[in-house]
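So the structure is just underneath, and the comments pick up after that.
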Amino acid sequence: MKTSAAVRGVALLTVVVIPLNAAADQSVEQRVAQSRATAQSLMQALKSELQGAMQAGGPVNAVAVCQTRAGGITEGQATADGLRIRRTSLKVRNPANAPDAWEESVLRRLEIRKVAGEDIKTLEYHEVTEVDGNKIFRWMKAIPTAEVCLACHGGDSVAPDVEAELAALYPQDQARGFAVGDIRGAFSVKQAVD
Ligand code: HEC
């Protein structure tokens, strides 16, 4: 009985100790895998919420969905491993989503790689950067424009009532005129390395 109590103790310890060291001990490959999984969950949550809201009340009703975050992963908030995810673009709707200098240069390179023939669905880039002596893992992945996006990010496909709603909420909106297969923007992940 003593042994099993000891084993349980060790098991408990392991459970407590691993998460504390996880972020620092992760390899770059693990960080990339975690970034991919986080982005995928966020994308799935957004897409299903969007579709639900569009079916329930049309695109005007769904405008707020692209603002509110779903699925337990909130844009801009750190996960347990200190991973932060956001969306950005070369043409933003919300100025708060504007890219920083690193993100902007990566977005431009993703566009060049797309033109060179790479598959937009798997276009991504990562790097460990250093800011003020602190190492930061950074990762970005292109977000393709799909048919469902055109109701709010297309050209003529945006209905007048949606247009009015967007103009009222986002007077500086640049996120229009996209076509299926364009890079709408990218997920951007940041995680401290040490
Ligand atoms: C019902 C309208 C609507 C639909 C449909 C929609 N979006 Fe958006 N999208 C918005 C709004 C509103 C914002 C601004 C969100 C904010 O304030 O942060 C936005 C912002 C974004 C951003 C963040 C960068 C920026 O421009 O500010 C990305 C990336 C994005 N949308 C991608 C997509 C993709 C990809 C799809 C299709 C899968 C899609 N959206 C469908 C309304 C929509």
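Using 20 Å as the cut-off for backbone N distance, which residues of segment 107-144 belong to the label zone defined by a point 7 Å from the Cα of D100 along Cα→Cβ? Hits in segment 107-144 for D100 at 20 Å: 107-110, 124-143. Taking the solvent-accessible surface of protein heavy atoms with a 1.4 Å probe, what is the per residue accessible area of segment 100-184 in Å²? Computed with neighbouring chains in place, this is 55 Å² per residue. Note on segment 24-192: Kirkwood radius taken over Cα pairs, Stokes-Einstein applied at 20 °C and 1.002 mPa s, translational D equal to 128 µm² s⁻¹.
For K91, the lysines whose Cα falls under 25 Å of its own Cα, not counting residues fewer than eight places away in the same chain, are K47, K114, K121, K141, K190. A simple count of charges around V92, restricted to other residues whose Cβ falls under 13 Å of its Cβ and scoring Lys, Arg +1 and Asp, Glu -1, yields +2. Working note: Karplus 6.51/-1.76/1.60 with θ = phi - 60° gives segment 178-189 the couplings 7, 10, 4, x, 6, 7, 6, x, 8, 7, 9, 10 Hz, where Gly and Pro are set to x.
The Kirkwood radius of segment 95-194, taken over pairs of alpha-carbon atoms, gives through the Stokes-Einstein law at 25 °C and 0.890 mPa s a diffusion coefficient of 162 µm² s⁻¹. The heavy atoms of R109 offer some 100 square angstrom of accessible surface to a 1.4 angstrom probe. Net charge of the neighbourhood of W139, taken over other residues with C-beta under 12 Å away and scored Lys/Arg +1, Asp/Glu -1, is +3. Any idea how far apart K135 and Q40 come out in nm if each label point goes 7 Å out from Cα toward Cβ? Spacing of the two 7 Å Cα→Cβ label points: 2.6 nm. Taking label points 7 Å from Cα along the Cα-to-Cβ direction, N61 and V128 give a separation of 4.9 nm. Under the simplified labelling scheme, the D161-V115 pair shows an inter-label distance of 4.0 nm, with each label point 7 Å from Cα along Cα→Cβ. Using a probe radius of 1.4 angstrom, the carbon and sulfur fraction of the accessible surface of segment 90-182 is 54%.
The values are calculated or read from the model by the stated rules, or taken from the named source; none is laboratory data. Source: prediction; values computed, not measured. So basically every Cβ, Gly included, is an ideal-geometry build from the backbone, and we count neighbours across all protein chains shown. Note: areas computed on protein heavy atoms with side chains; ligands, DNA, RNA excluded. Shrake-Rupley method; radii C 1.70, N 1.55, O 1.52, S 1.80 Å.
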